[in-house]
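First the structure, in the form of structure tokens, and then the observations on it.
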Amino acid sequence: MNRQSNRLVGFTLVELLFVIGIIAVLISLLLPAISRARQSAQTVACQSNLRQIGLGLTMYAQTHRDHLPPSSFVNNPDMGNSTLWHLALRSFLSKRGDGTFNTQNQTGLDFRCPSALIDTSAGQNACHYSVNPRFMPVHEVSGFGFGTDRISGANGNWPTFKLTKVRPASEKILATDGAQRLESDPFRPGEAADSFFNIGTDWAGNMMFVPWAQLVISESWMAGSLIRWRSMDGVDRNVDGPQGTGFIRFRHGKNNSTNALFADGHVEALNTRPDGRTEIRIENVGVTAR
């Protein structure tokens, strides 16, 4: 009997290393594509969330004499107990609960962005989006400790905008991705601020806000100005935590894109620029018609 017929046939070490090398090359080629596909899916899911929010705002306005909800209700007996815009919207859309903190876990709607970095899986009603305070301001009645109303300059209510008066609707932003609070936040860990009220700082380090004191943006120096992601004092505001609180969060793509809901219902991805500014103009967040 031929001895060679009894020998085991297998791979040599060189052949095995060659196959492993080919597999490694294929994996290196596939991983970026898989990562891009995952990011794309997360962006689509986020945009779907914002479209749902837009639908909810439209339905809310239709049953509230065309008015949008305030970003938050603070000790306002006319608006119910203290609550937030998204809790009121969840209750309105799901027809469950009264929209306040007392019944916030009775709705099944999820307003969490899949690209958010801080885990809020334990919080069913966590929200990763912030609304425009020019169209959905704070409603505050004295006694909660916030002092002067941030919108009107005095305690009391600033009337929310009528949806049909937000125009041109295709250019006005109602909501965007918002920077998250840290997991260690004692009140609302991982949630975004109710509204995106910050747009950076000037060269002296003074904070600049969405111009809620102005009813009409007409000054030539302001027209065409771009919202910043990096303050003029050089601080990166496109981050989660205290440094980014109240800012629009560009967390999609390569940490350079945000999804924005416009008043006409469409959702659009807007990007940052290397010079510290973004594609969002001041006209997109300010008031040009009442």
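Among the residues of segment 47-60, those identified as of a type in the set (A, V, I, L, M, F, W, C), modelled with pLDDT of 90 or more and more than 14 Å from the chain's Cα centre (by Cα) are Leu55, Leu57. So Ile280 clears everything in (1) on the phi > 0 side of the Ramachandran plot; (2) modelled with pLDDT of 85 or more except one condition, right? Which one? With (1) on the phi > 0 side of the Ramachandran plot; (2) modelled with pLDDT of 85 or more applied to Ile280, the lone miss is (1). Within segment 95-115, does at least one residue satisfy the condition of being in contact with a strand residue (DSSP E or B) (Cβ under 7 Å, 6 or more places away or on another chain), within 21 Å of Asn132 (Cα to Cα) and modelled with pLDDT under 80? Yes; the residues of segment 95-115 include at least one that is in contact with a strand residue (DSSP E or B) (Cβ under 7 Å, 6 or more places away or on another chain), within 21 Å of Asn132 (Cα to Cα) and modelled with pLDDT under 80. Determine whether segment 253-264 contains at least one residue that is hydroxyl-bearing (Ser, Thr, Tyr) and under 13 Å from the mean Cα position of the chain (by Cα). Yes; the residues of segment 253-264 include at least one that is hydroxyl-bearing (Ser, Thr, Tyr) and under 13 Å from the mean Cα position of the chain (by Cα).
Restricting Val44, Val19 to those that are among the β-branched types (Val, Ile, Thr), within 42 Å of the chain's Cα centre (by Cα) and in a helix (DSSP H, G or I) reduces the list to Val44.
The criterion of at least 2 residues that are out of contact with any Lys or Arg (no Cβ under 7 Å at 6 or more places or on another chain) and polar (S, T, N, Q) is met by the following strands (runs of 3 or more DSSP E) wholly inside segment 221-287: 257-262.
Just checking, does segment 65-83 include any residue being modelled with pLDDT of 80 or more and in a helix (DSSP H, G or I)? The answer is no, given that none of the residues of segment 65-83 is modelled with pLDDT of 80 or more and in a helix (DSSP H, G or I). When you scan segment 253-276, do you find a residue that is touching a Cys at 6+ places or on another chain (Cβ under 7 Å) and at pLDDT 90 or above, even just one? Within segment 253-276, one or more residues are touching a Cys at 6+ places or on another chain (Cβ under 7 Å) and at pLDDT 90 or above.
Screening segment 159-205 for residues that are touching a Pro at 6+ places or on another chain (Cβ under 7 Å) and either in a strand (DSSP E or B) or within 16 Å of Pro69 (Cβ to Cβ) (or both) and picking the one that is modelled with the highest pLDDT gives Ser195.
The values are calculated or read from the model by the stated rules, or taken from the named source; none is laboratory data. Just so it is clear, the structure is predicted and the values come from calculations on it, not from any experiment. Ideal geometry is used to build each Cβ from the backbone, glycine not excepted, and the neighbour counts take in all protein chains shown.
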